[in-house]
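Single-structure report; data block below.
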Ligand SMILES: *Cc1c(COP(=O)(O)O)cnc(C)c1O
C-alpha cells in the first residue's frame, strides 16, 4: 500500500471533511523553502507549513542543537524540577519581549498558550475575590481549538457545534480603517455592561481571518482603555511572533505593553511543538500566597521539554543573526514591489503587506464561503503548479520561510498572478 492508501485506512486529518476532500499529498523530504512528495514532485512551501517555519525545512543548526540536547537530557518532569535549557530560554525571552514581561509559563501549542492566559486572567480576579468572568475578543478572531481558545475565537464554522458551552465572551469589531471609533465604543460598552476580566487579541494581524491588518495606534488605544479599567490584556502572538511582522514581535510596534503574551508556532523554528505564555510580575503575584488554592493548577506532561527549549534557543540565535534580519527586509521589499505590480489588477480588490506577510483579496460577485468553490479551485491550481498556499475564501496570502530565495518568491508571485485568471 502507498502512504496515501495507508493514510486513508488509518488517519483522521485536521479541518478535513474526509468524504469530499482530495487525498492528502505525502511529503517525504524538506530542505529550505522546498518540499518533495513521494513521487519526487517539488513544492515551494509559501506558507511556512502553517506559519511555523521561518528558517527552512530540515535546518541543520537547529537539528544539531536538538540532537545534542536529546543525547544529554531529552526530557524531565517540570513539577519540582528544572533544567538549564528552560531557564536560558526564559532569560533570553525576557531580553527581547516587552520589558514588563517577567514570568514564563510553558505549554505545548498555541491553543494551550491561550488557554493558560485566559485561565490566569480569570483566576487572578477570583483570587482577589473580585467577580470578573467575561472576556472581550475581536470579531473573526482565531485563538485555537481547545475550549477557552474556541470561546475567544469568532470564526463560527470552527465553533458552532459547541455554542452555549463556552465561557462568557463578548466580541468587539476590529479597528480596521473606518471602524476604529466603533471598536473603541464597543469596548467601552462591554466594560459598562459586563464584569470584564480580560481582553485577548491578535496584535496587528488576524491570521486565520485572512491576514486582516489594523494599525498599532488603534490597538494602543484599546489597551489604554483596558488599563484604565484594570482589565488584563492578552496579546496572542502565536502567529505574529518571531519576525513575521518585520519586528521580533507585533507588540514591538505598540507604545502600550500587554499584560500577557502567547507564543508558539515559530518558537522552535518549526521543529518541536512547544508554547509559552509570558506574564507581568503583577499577574504572577496574584497567585503568590501561603494559600495553596491560589496557585495556578495548570500543567502539561511535556511542560518545558528540554529538547523543545534547546530548539527554541537555537531558533532565537538564528532569528537574531544579521543574515536573518536581512532576509526579513529582503522579503518585505519584494512583497512591496509585488503589491505595487498587482494592486491595480482588475480582479484584485485590496492588497496588504506587513513584514513577510502579503495578502490580496480577489473580487467576487457573490459571497463565497470560506470552503467555497473559488477557494478550492485556487488551492488546487497552486498545488498543481508546485506552490503550497491555502487561500482563506477569496483571500490569497503568502507567508514564506524567511530564507526563501528571490527566484522561489518570484515563482510564487507569478503563479498567484496566473491564478487571478482562473478566478
Ligand atoms: C495557530 C494559532 C493558534 C493555535 O495554535 P495551535 O498550535 O494550532 O493550537 C492560536 N492563536 C493564533 C493567533 C494562531 O494563529
Rounded to 5, percent antiparallel among DSSP beta bridges of the chain
65
Could you sort 389-399, 239-249 so that the peptide with the highest average Cβ count within 10 Å comes first and the rest follow in order?
239-249, 389-399
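Sequence gap at least 6, Cα distance under 8 Å: using those rules, report the relative contact order of region 121-272 to the nearest whole percent.
Reported relative contact order: 20 percent.
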Rounded to the nearest angstrom and ordered from largest down, what semi-axes does the equivalent ellipsoid of region 1-140 get from its C-alpha gyration tensor (root of 5λ)?
36, 25, 16
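I'd like to compare 307-320, 71-84: which one has the highest average count of other Cβ atoms within 10 Å, and what's the full order after that?
Working: 307-320: 22.9, 71-84: 11.9.
Listed from highest to lowest mean packing, they are 307-320, 71-84.
Output the relative contact order of the chain, whole-number percent, from Cα pairs under 8 angstrom with separation of 6+ residues.
Computed over the chain, the figure is 21 percent.
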Reference-scaled alpha-carbon Rg (2.2 N^0.38 Å with N residues) for region 63-319
0.98
Region 265-423, relative contact order in percent, only Cα pairs under 8 angstrom and at least six apart counted
17
What spacing in nm lies between the two simple spin-label points modelled at residue 60 and residue 410, each 7 Å away from Cα in the Cβ direction?
2.7
Report the label-to-label distance for residue 100 and residue 161 in nanometres (one decimal), using points 7 Å from each Cα along the Cα→Cβ vector.
3.9
The chain: calculated mean residue ellipticity at 222 nm from DSSP helix runs of at least 4, using -39500 (n - 2.57):
-12000 deg cm²/dmol
Mind jotting down the distance between the C-alpha centroids of region 130-151 and region 1-73, whole Å?
30
Express in whole angstrom the spacing between the alpha-carbon centres of region 303-366 and region 225-276.
16
Exposure-ranked with fewest Cβ neighbours within 10 Å first, 330, 8 stand as 8, 330
Hey, fewest Cβ within 10 Å first, where do 233, 133, 303 land in order?
133, 303, 233
Label-point separation in nm, residue 41 to residue 131, each point 7 Å along Cα→Cβ:
6.0
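Read-outs: derived from the displayed coordinates by stated rules, not from any lab. Predicted model only: the values in this text are computed from it and were never measured. Note that each Cβ is placed from the backbone with ideal geometry, even for glycine, and that neighbours are counted across all protein chains shown.
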